[in-house]
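Peer 1: Can you keep this structure in mind? I'll have questions shortly.
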Amino acid sequence: MKYKILIDNKRRLLFKKNELKYISIKVGIRLNQKLKINSFLKPLTKNNTFSKIKNRCFITSRSKGLYKRLKVSRIKFREMALTGNYPGFTKNCW
């Protein structure tokens, strides 16, 4: 699972490095200029795109069931909330 975290971090760094290039395409530019810019972007790998970035739990590297505000999976969030590691989160009883 550590390998998945390393791949995701690498993708995030690549995207951050080339983010301005992608933004320049989306800005209102004429078609012929976009084609010229696109020829420069072709050598970029597919790992640079935003859609390849996957949010993962920083403790377990689980990719599904993620609580986005804390970047923790639902399982670890429940464990840590019950032990009191997250103030303000309590178990509901009714």
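The values are calculated or read from the model by the stated rules, or taken from the named source; none is laboratory data. These numbers were taken from a predicted model, which means no experiment stands behind them. Heads up, the Cβs are rebuilt from the backbone with ideal geometry, glycines too, and the neighbour counts pull from every protein chain shown.
Peer 1: List the number of the failed condition for Ser61; all other conditions in (1) out of contact with any helix residue (DSSP H, G or I) (no Cβ under 7 Å at 6 or more places or on another chain); (2) not in a helix (DSSP H, G or I) hold.
Peer 2: Failed condition: (1).
Peer 1: Name the residues in segment 1-34 that are surrounded by fewer than 10 Cβ atoms within 10 Å (Cβ to Cβ) and either modelled with pLDDT of 80 or more or part of a helix (DSSP H, G or I) (or both), would you?
Peer 2: If the condition is that a residue be surrounded by fewer than 10 Cβ atoms within 10 Å (Cβ to Cβ) and either modelled with pLDDT of 80 or more or part of a helix (DSSP H, G or I) (or both), then Lys2, Tyr3, Leu20, Ile23, Lys26, Leu31, Asn32 are the ones that fit.
Peer 1: Could you run through segment 35-58 and say how many residues are at pLDDT 70 or above, within 30 Å of Phe77 (Cα to Cα) and among the β-branched types (Val, Ile, Thr)?
Peer 2: Within segment 35-58, residues that are at pLDDT 70 or above, within 30 Å of Phe77 (Cα to Cα) and among the β-branched types (Val, Ile, Thr) number 1.
Peer 1: Hey, can you tell me all the residues within segment 56-90 that are closer than 18 Å to Tyr3 by Cα and surrounded by fewer than 12 Cβ atoms within 10 Å (Cβ to Cβ)?
Peer 2: Result: Lys64, single match.
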